[in-house]
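*Asks:* Encoded as structure tokens, here's the structure I'll be asking about.
Values quoted throughout were computed directly from the atomic coordinates according to the rules given, and no laboratory measurement underlies them. Values in this document were obtained by computation on a predicted structure and should not be read as measured data. Positions of Cβ are backbone-derived with ideal geometry, glycine not excepted, and every protein chain shown enters the neighbour counts.
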Amino acid sequence: MRAPRGTASSHRLRSATLTASVLAAGLFALAPASGLARAPRARSAASVTVRDEGHLRFVKSSGSVLYDEGYAHGTLPGNVKIRFLYDGNPSVSAQITIYGHSGTIQAHGSGALSDPTSASPSFKGTLTITHGSGRYARARGGGALYGVFYRRSYAITVQTEGTLHY
């Protein structure tokens, strides 16, 4: 029931309503800072433009598969192991693992040799980052794969360029 207009009761009612409104507005304004009305946030993924290069030495072979390893310098430095498939055709493929300070990244690539009869043919192709561990547990991405295959020593120089999402 409402108090008649102009009476002391109506004045107190309006004053109490105004005070409650001001108090509610103040609490609402402070809520984000105090965490009272904070909505859960989605974890934002990081994206990094990657450029790395490694001069890898031959470790062993099994049929047409060469295993090389070494150290990569660049955006994501670390030890690198590569499983390089070369069967005499212009097409080549590779499985690459980078062991960095914050975790591992695994990728695969495929491409073609520029001159299959050369003593040191270069190659270029695409690279797909498939997964990782540690900080890079959700790693995905892709880019380009470049390199040189040295037939006499079976060493490989490999370069990667692309985008890593993690």
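*Asks:* What residue, among those in the stretch 151-166 that are buried (at least 18 other Cβ atoms within 10 Å of the Cβ) and not polar (S, T, N, Q), is farthest from V80 (Cα to Cα)?
*Replies:* Ranking the candidates gives Y166 first.
*Asks:* G147: in a strand (DSSP E or B) and under 22 Å from S62 (Cβ atoms), yes or no? Steps first, please.
*Replies:* Values: in a strand (DSSP E or B): yes; under 22 Å from S62 (Cβ atoms): yes.
When the stated conditions are applied, G147 passes them.
*Asks:* How about the stretch 129-150: which of its residues are of a type in the set (A, V, I, L, M) and either within 16 Å of V48 (Cα to Cα) or loosely packed, with under 14 Cβ neighbours inside 10 Å (or both)?
*Replies:* Applying the first criterion (of a type in the set (A, V, I, L, M)) to the stretch 129-150 yields 129, 137, 139, 144-145, 148.
Within the stretch 129-150, I129, A137, A139, A144 meet the criteria.
*Asks:* Please pick out the residue among T117, T75 that is of a type in the set (S, T, N, Q) and under 22 Å from the mean Cα position of the chain (by Cα). Don't jump to the end; show me each part of the working.
*Replies:* Values: T117 fails: under 22 Å from the mean Cα position of the chain (by Cα).
The match here is T75.
*Asks:* Further question: Among the residues of the stretch 98-119, count how many are surrounded by fewer than 17 Cβ atoms within 10 Å (Cβ to Cβ), hydroxyl-bearing (S, T, Y) and either assigned to a strand (DSSP E or B) or in contact with a Lys or Arg (Cβ under 7 Å, 6 or more places away or on another chain) (or both).
*Replies:* 3
*Asks:* Restricting to the stretch 102-136, name every residue that is within 16 Å of T160 (Cα to Cα) and among the basic types (K, R).
*Replies:* Result: K124, single match.
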